[in-house]
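Computed from the coordinates by the stated procedures, all read-outs in this text should not be read as laboratory data. None of the values given here were measured: they were computed from a predicted structure. Note that we place each Cβ from the backbone using ideal geometry, even for glycine, and neighbour counts take in every protein chain shown.
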């Protein structure tokens, strides 16, 4: 199984991180190693796929927390594995507890506070980005856990690139012109760049941020709802702290 890794997190022994990818699709697995329960896939297959992926990371399903993402700005502190309700950002200080964030084009961000020993996973699609879910998460961990920008290491996972993300004016108007390009009567939007700039504006040093250059639409081994529509599966990115 191919798993997307972070060079930044790979340099930190206490951090486990991985983003799942597609397998070769077949008639008995139409979504290509899907890890979401919410797209009509067979639940037993999803459970099997999840366990296989988590095991590759040195975890089990009993060690991973996951949520139903709302494209909003709700932040949840979690202390146990399993389904933890509705939110778009998860935060924990617990060791050996993975935080799982779902994606199939949307920008996802994973954060590690190396001093405070806090991790967070953030789902920031265009709606969540307009609500500043990432910025709110950064302020939340600063307020609640005394996190400092200089102590944070951040990975922005693969997402759909600007050249493949066409949106209407009703979406584009929510974003600064520097993040959009006119494309006929539509616009091309760079959501990942918005989130990168949020990190910089928060004071996180550039050398503590890793931004993937992979495009979920162009990379056939990644899930992409924009490319595959209802045939698209969903990936999980998981971050955990070891003992």
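Tabulated data for the structure shown
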item: 222 nm mean residue ellipticity, helices alone, for the chain (DSSP H n ≥ 4; -39,500 (n - 2.57); rounded to 500); result: -6000 deg cm²/dmol
item: Cα-based radius of gyration of segment 1-151 once divided by 2.2 N^0.38 Å, which approximates compact folds; result: 1.04
item: Residue order, fewest to most surrounding Cβ atoms within 10 angstrom, among 20, 224; result: 224, 20
